[in-house]
Amino acid sequence: MSTASKTRHKYEIVAAGIRATIADSLGPNDALPSERELMEIYNVSRMTVRAAIARLADEGLVYNVHGSGTYVGSPDLFAKAPKLTSFTEDMVSRGYAPSSRVLEVSRVAAVAAVATRLGLTPGEECTKIRRLRLADGNPMALETVYLPGGVLPMEEFDAKSSLYGQLTDRGYEIHRAEQEIHAVTLDEESSGLLAVPLGSAALEIDRVAADRRGHPVEYARTIYRGDRYSFQMAVSRESGDK
Ligand code: 16G
């Protein structure tokens, strides 16, 4: 038996059971069985049932109505939680036809800021790709990406297809990322490329993305036109928050 299953708390087992019940037979705003019923179904204490429900409430799967009971949450809000997407997928989901103009593909030595993010030693070889990204043929974003040379040598980059598609094909499917979003104003070169007046506001998203093994695969800086792009996210309170 693995350590993980040995240390699995009772409330986690109950939470998993309730999750399965919701998936199989309950819809948004349907009531969950009462605490007493859940205690009987799972043969556990009230405390364990409460811990399981608190966990599910943290996940946004259920909500409590004081003095009434626990109900299945509405998934609509959480459907808006940001998903990790490529530019291609992001644009398609917004109803645009994506395309790209490649501005640069080169082999560079990683400077400290790039090396740190990619887990490389400064000076190690990287592939740098700079693209103007278009939506319905109009500029949407300016993107600079660094990848470890071993992940994608510059000669093997296919300018016509999705970078994430190529990474998946090479065994480096992007799985999770850390992002930082901040406001910038556009200099002469970037405003020219994005076809907006000099000094226009834009949204910069810096992403460090890793594959399933948790190895950093890409460091990307994407500058979106402030007049065309907005970033939506769902936020929630944990049950213990005041
Ligand atoms: C998105 C990613 C960027 C990635 C690119 C791949 C953000 C903030 N950035 O622009 O990191 O390199 O997609 O796009 O979402 P592609 O697969 O369409 O070439």
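The values are calculated or read from the model by the stated rules, or taken from the named source; none is laboratory data. Please read all numbers here as calculations on a predicted model, not as lab measurements. Don't worry about glycine lacking a Cβ; one is built from the backbone with ideal geometry, like all the others, and counts go over all protein chains shown.
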Taking ASP211 and the conditions (1) crowded, with 18+ Cβ neighbours inside 10 Å; (2) more than 26 Å from the chain's Cα centre (by Cα), which numbered condition does it fall short on, given that it satisfies the others?
(2)
Looking at the range 122-145, which of its residues are in contact (Cβ under 8 Å) with a residue 40 or more places away in the chain, of a type outside the set (S, T, N, Q) and more than 9 Å from the ligand (Cβ to nearest atom)?
LEU132, ALA135, ASP136, GLY137, PRO139, MET140, LEU142
Enumerate the pairs (first residue in the range 49-67 and in the same structural domain as SER34 (by TED's automatic domain parsing) and among the β-branched types (Val, Ile, Thr); second residue anywhere and surrounded by 15 or more Cβ atoms within 10 Å (Cβ to Cβ) and in a helix (DSSP H, G or I)) with beta-carbon separation below 6 Å, excluding pairs fewer than 6 apart on the same chain, so at least 6 apart or on different chains.
VAL49/LEU38; VAL49/MET39; VAL62/LEU56
Quick one: would you say GLU189 is exposed (fewer than 12 other Cβ atoms within 10 Å of the Cβ) and under 24 Å from VAL102 (Cα atoms)?
yes
Pairs returned, first residue in the range 214-225 that is closer than 12 Å to VAL145 by Cβ, second residue that is in a loop (DSSP other than H, G, I, E, B), beta-carbon separation under 7 angstrom, 6 or more apart or interchain, are VAL217/VAL151; VAL217/TYR172
Considering each residue of the range 120-135, count those that are closer than 17 Å to GLU218 by Cβ and either at pLDDT below 95 or β-branched (Val, Ile, Thr) (or both), and give that number.
2
Hey, among the residues in the range 9-34 that are more than 30 Å from the chain's Cα centre (by Cα) and exposed (fewer than 14 other Cβ atoms within 10 Å of the Cβ), which one's nearest to VAL72 (Cα to Cα)?
ALA31
Determine whether the range 43-51 contains at least one residue that is within 20 Å of ARG8 (Cβ to Cβ) and touching a Gly at 6+ places or on another chain (Cβ under 6 Å).
no
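Quick check, is VAL92 of a type outside the set (S, T, N, Q), touching a strand residue (DSSP E or B) at 6+ places or on another chain (Cβ under 8 Å), within 12 Å of the ligand (Cβ to nearest atom) and assigned to a strand (DSSP E or B)?
Spelling it out, it is not the case that VAL92 is of a type outside the set (S, T, N, Q), touching a strand residue (DSSP E or B) at 6+ places or on another chain (Cβ under 8 Å), within 12 Å of the ligand (Cβ to nearest atom) and assigned to a strand (DSSP E or B).
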Here the residues within the range 167-186 that are crowded, with 16+ Cβ neighbours inside 10 Å and farther than 22 Å from TYR224 by Cβ are TYR172
